[in-house]
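Okay, so here's the structure we're looking at.
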Amino acid sequence: MLADWVFRVGWGTPGVYEYLQLRMEADQLGVSRSAAGKARKDLEMQVANLKRETDQKSLRWAIKTSVPAGPSGQGWGDLYFAQEIAAALRKNGHVARVDLRTELISKESAQDDVVLVLRGVERIRPQKGAINLLWVISHPSRISKLELNDFDAVFAASNSWSKKMTKKTRVKVTPLLQATNPEKFNPKSANPDSGDDVLFVGNTRNEFRKIIKDSLAAKIKPTVYGRNWDRFIPNEFIGGDFIDNDDISAKYRSAGIVLNDHWEDMANEGFYSNRLFDAVASGARVVSDPVDGISEIFQGGVQTYSSPADLSKLCSEENRNIWGSQQEIQDRARVIGELHSFEQRVKVLIDAVQKLI
């Protein structure tokens, strides 16, 4: 995968960006550069020769992700996120498809009315002949002005970053936070305080994640679910490699405390982890690293720490009344589920597309 700074250097240099884009697309599709170039040209020819009637109430959406195919993509939050968007679009009468990184040009691409790029670790080229939306959901440090310029409408999962980038780039960036599905993530999924005392769900990212390191320094014994943790923590703390997405709400609800952390650039730029929305909507007590505005957005459902000593206090049983009574936790969960559902987010996207048609 090419680093984003390479693209920044190549922007504006005749021929260089096109070459970098082709290299990236070849890597994503798993083919040679010549094959990737042919696939892109064939798609553009199909689009140019295509004649079709567009039903504004039933558009064809392609949701593009950086998720790799096969076992390596299992458990990627971007995949579940994309699938929830697709389901919400279908509820609104549209046709929706989720594409992995190896499917960025698929057999159905020429038919797409709308391409929604979920911008995570990799940039994805907009598609000629379609309305192109960009939704920046993570890794904001990788985004350049000229990438924003390529799209018909741009959204970002941060209020502060959206405002900053709109001012900095003169490209309108609309705040659109991450979301949850309250039909799946809600307090009915399990009984409270019946599961793990302190729970963390997430892979290592090939590093000893700070919140787990701080937990051990604070003498907390978290139950950790995710890949490759045996490199960093004793086996007694590892609950398993994977939790099925349909079972995660019950894990959150039954835990005494759910731990959460962010990529550094996400925390600095006000991008709230999707885990926060799911966990609070499930009725969990959540402890996280600090992000501006987190207490207001989650209405007290997320408490933040700044040191192992803080973390120890927040995870102790005697301090769990900080989150309120179970009735207050359930009421908060319902409100978060209503305000931050995928259906609410999709309504914003549909409205934007209707204005662009």
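The values are calculated or read from the model by the stated rules, or taken from the named source; none is laboratory data. Not measured: the values here are computed from a predicted model. Reconstructed Cβ throughout: ideal geometry from the backbone, glycine too, with neighbour counts over all protein chains shown.
Quick one: is Arg227 assigned by TED's automatic domain parsing to the domain that holds Gln303, outside any loop (DSSP other than H, G, I, E, B) and of a type in the set (Lys, Arg)?
Judged against the criteria, Arg227 is not a match.
Which one of these is surrounded by fewer than 19 Cβ atoms within 10 Å (Cβ to Cβ) and under 25 Å from the mean Cα position of the chain (by Cα): Glu236, Glu207?
Matching residue, one of Glu236, Glu207: Glu207.
Just to check your reading of the model, which residue among Ala48, Ala39 is more than 27 Å from Asn228 (Cα to Cα), hydrophobic (A, V, I, L, M, F, W, C) and modelled with pLDDT of 90 or more?
Matching residue, one of Ala48, Ala39: Ala39.
Examine the range 140-152 for a residue that is at pLDDT 95 or above and either surrounded by 23 or more Cβ atoms within 10 Å (Cβ to Cβ) or within 22 Å of the chain's Cα centre (by Cα) (or both), and state whether such a residue exists.
yes
Just to check your reading of the model, which residue among Phe277, Phe271 is assigned to a loop (DSSP other than H, G, I, E, B) and at pLDDT 95 or above?
Residue meeting the stated conditions: Phe271.
What helices (runs of 4 or more DSSP H) lie completely within the range 71-174 and have 3 or more residues being among the charged types (D, E, K, R) and on the phi < 0 side of the Ramachandran plot?
77-91, 159-169
Can you tell me how many residues in the range 309-357 are free of Cβ contacts under 8 Å to residues at least 40 places away in the same chain, closer than 30 Å to Arg60 by Cβ and surrounded by 16 or more Cβ atoms within 10 Å (Cβ to Cβ)? Break it down into steps so the answer makes sense when it comes.
Step one: of the range 309-357, the residues free of Cβ contacts under 8 Å to residues at least 40 places away in the same chain are 310, 313, 316, 318-319, 321-325, 327-328, 331, 335, 339, 351, 355.
When the remaining residues are screened for being closer than 30 Å to Arg60 by Cβ, the result is 339, 351, 355.
Subset that is surrounded by 16 or more Cβ atoms within 10 Å (Cβ to Cβ): 339.
Residues in the range 309-357 being free of Cβ contacts under 8 Å to residues at least 40 places away in the same chain, closer than 30 Å to Arg60 by Cβ and surrounded by 16 or more Cβ atoms within 10 Å (Cβ to Cβ): 1 in total.
Please state which one of Asp241, Asp331 is at pLDDT 95 or above and over 16 Å from Asp197 (Cβ atoms).
Asp331
Conditions tested, residue by residue: (1) surrounded by fewer than 22 Cβ atoms within 10 Å (Cβ to Cβ); (2) within 28 Å of Ala157 (Cβ to Cβ); (3) charged (D, E, K, R).
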site	(1), (2), (3)
Val31	yes, no, no
Ala35	yes, no, no
Arg40	yes, no, yes
Asn49	yes, no, no
Gln56	yes, yes, no
Arg90	yes, yes, yes
Ser109	no, yes, no
Leu118	no, yes, no
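Quickly run through the range 282-306 and pick out the residues that are part of a helix (DSSP H, G or I) and either under 18 Å from the mean Cα position of the chain (by Cα) or farther than 20 Å from Leu176 by Cα (or both). Working first, answer last.
First, pick out the residues of the range 282-306 that are part of a helix (DSSP H, G or I): 294-297.
Selection gives Ile294, Ile297.
Right, Arg119: closer than 30 Å to Ala48 by Cβ and in contact (Cβ under 8 Å) with a residue 24 or more places away in the chain or not? Before you say what the answer is, go through the steps one by one.
Details: closer than 30 Å to Ala48 by Cβ: yes; in contact (Cβ under 8 Å) with a residue 24 or more places away in the chain: yes.
It is true that Arg119 is closer than 30 Å to Ala48 by Cβ and in contact (Cβ under 8 Å) with a residue 24 or more places away in the chain.
Kindly provide the set of residues from the range 186-224 that are touching a Lys or Arg at 6+ places or on another chain (Cβ under 9 Å), assigned to a loop (DSSP other than H, G, I, E, B) and within 21 Å of Phe277 (Cβ to Cβ), ordered by number.
Across the range 186-224, the qualifying residues are Asn186, Ala190, Pro192, Gly195, Asp196, Gly202, Asn203.
Can you tell me which residues in the range 241-254 are surrounded by 12 or more Cβ atoms within 10 Å (Cβ to Cβ) and either over 22 Å from the mean Cα position of the chain (by Cα) or part of a loop (DSSP other than H, G, I, E, B) (or both)?
Hits for the range 241-254 are Asp241, Phe242, Ile243, Ser254.
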